[in-house]
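Encoded as structure tokens, the structure appears first; notes follow it.
The values are calculated or read from the model by the stated rules, or taken from the named source; none is laboratory data. Fair warning: this is a prediction, and the values are worked out from it, not measured in the lab. Quick reminder, even Gly has a Cβ in these numbers, built from the backbone with ideal geometry, and neighbours come from all protein chains shown.
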Amino acid sequence: MNTSDATIVIPNWNGLDVLKKHLPFVVQRCGDAPIILVDDCSTDDSILYVCKNFPEIMIVKKDRHEGFASTVNAGAKEAKTDFVVLLNTDIEPEKDFLKPLLSRFSDPSVFAVGCMDKSMENGKEELRGRGIGWWGKGFYYHKRGDVNAHDTAWVSGGSGAFRRSMWNVLGGMDPIYNPFYWEDIDLSYRARKLGWKLYFESKSIVRHYHEKGTILHTYSIDTIKMISYRNQYIFIWKNCSDFNIILLHFLFLPIRIIQSLFHGDSRMLKGFLMAIVHLPRILQYRFTQRLDYKISDRNLSMQ
């Protein structure tokens, strides 16, 4: 695979400061891969900065602010290459990161490949990029996995490559998760349920400056947590088809909510109520999806 076989898609929302710091490295280290920046209706001078300094970058302007899933979908729609590489605005790829990433796609059953994420957190470097996920008491849990393995439960939307033909079959990321979180886990889960492969490539290295991202500067910790809880419920209700797991979910759901309230954390209950609003859309998806899933939910747990 050549770097020209991939399009770099960068979602942006009021990211002027981080673009100034990190975009030059993206342009320098992505070879001849075309770059698309999708602007989620920013109110800062992001577009002006990119147009002035990087005229080779294609800019897609959205007319309203929606969130991550809708924004990357708009970029993938404009891409003409076989592969799409998603990079957040707070990402700096290291030299030659694309070659090992794209080499994994020589297997036609591979849907997505994730990068080694050198995450800068509180002044320390944490190695991320490989995820594990499992079902327990009717809930789907996920966390960082050992970076010495190559399988992964999901590929991050912040630094990962996706086969565009398969992306289109899945319909891309689901905007129901807007503004953020769980959309890449959902996309990866649906792909794995179809029997498609995901890989974590430790030789494709990016540096991720989470603390400088837009989410933490825009939303309160409580709001972020509520959205995360909301999207966890949405993910379960939307994707799980195993009767026993569904039964366990509704048995343990009131227990988890009561426990959270007992500990003074009302965010889980609020997240649940926020998810209820999306039930008609979730039910419509469950009744109309036509994907030929081959792997059961219980067999998708990875620990």
(message) Consider the range 6-41. How many of its residues are closer than 20 Å to Lys77 by Cα and small (Gly, Ala, Ser)?
(response) 2
(request) Mind listing whichever residues of the range 220-229 are within 18 Å of the chain's Cα centre (by Cα) and either closer than 11 Å to Phe180 by Cβ or surrounded by fewer than 21 Cβ atoms within 10 Å (Cβ to Cβ) (or both)? (result) Ile224, Lys225, Ile227, Ser228
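Out of Ser266, Ser204, Ser241, report the one residue that is touching a helix residue (DSSP H, G or I) at 6+ places or on another chain (Cβ under 9 Å) and assigned by TED's automatic domain parsing to the domain that holds Pro100. Break it down into steps so the answer makes sense when it comes.
Working: Ser266 fails: assigned by TED's automatic domain parsing to the domain that holds Pro100; Ser241 fails: assigned by TED's automatic domain parsing to the domain that holds Pro100.
None of the others qualify; the one that does is Ser204.
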(request) Would you mind telling me which numbered condition in (1) over 17 Å from the mean Cα position of the chain (by Cα); (2) surrounded by 15 or more Cβ atoms within 10 Å (Cβ to Cβ); (3) not acidic (Asp, Glu) Leu251 fails? (result) (2)
(request) Name every residue in the range 116-133 that is free of Cβ contacts under 8 Å to residues at least 60 places away in the same chain and farther than 17 Å from Gly160 by Cα, in order of residue number. (result) Gly123, Lys124, Glu125, Glu126
(message) Show me the strands (runs of 3 or more DSSP E) entirely contained within the range 2-115 in which 1 or more residues are surrounded by fewer than 17 Cβ atoms within 10 Å (Cβ to Cβ) and free of Cβ contacts under 8 Å to residues at least 24 places away in the same chain.
(response) 58-61
(message) Give me the residue from the range 254-303 that is within 21 Å of Leu187 (Cβ to Cβ) and touching a strand residue (DSSP E or B) at 6+ places or on another chain (Cβ under 9 Å) and, out of that set, surrounded by the most Cβ atoms within 10 Å (Cβ to Cβ).
(response) Asp297
(message) So, Trp154, is that one in contact with a helix residue (DSSP H, G or I) (Cβ under 7 Å, 6 or more places away or on another chain) and on the phi > 0 side of the Ramachandran plot or not?
(response) no
(message) If I ask for residues that are within 15 Å of the chain's Cα centre (by Cα) and either of a type in the set (D, E, K, R) or more than 15 Å from Ser188 (Cβ to Cβ) (or both), which ones from the range 110-132 would you list?
(response) Met116, Asp117, Arg128, Arg130
(message) Just checking: which of the strands (runs of 3 or more DSSP E) contained wholly in the range 133-218 hold 2 or more residues that are surrounded by fewer than 20 Cβ atoms within 10 Å (Cβ to Cβ)?
(response) 139-144, 197-208
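Are any residues in the range 263-277 assigned to a helix (DSSP H, G or I) and aliphatic (A, V, I, L, M), and if so, which ones? Show your work before the answer.
The initial filter retains those residues of the range 263-277 that are assigned to a helix (DSSP H, G or I), namely 267-276.
Hits for the range 263-277 are Met268, Leu269, Leu273, Met274, Ala275, Ile276.
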(message) If I ask for residues that are under 18 Å from Trp134 (Cβ atoms) and outside any helix (DSSP H, G or I), which ones from the range 219-257 would you list?
(response) Cys240, Ser241, Asp242
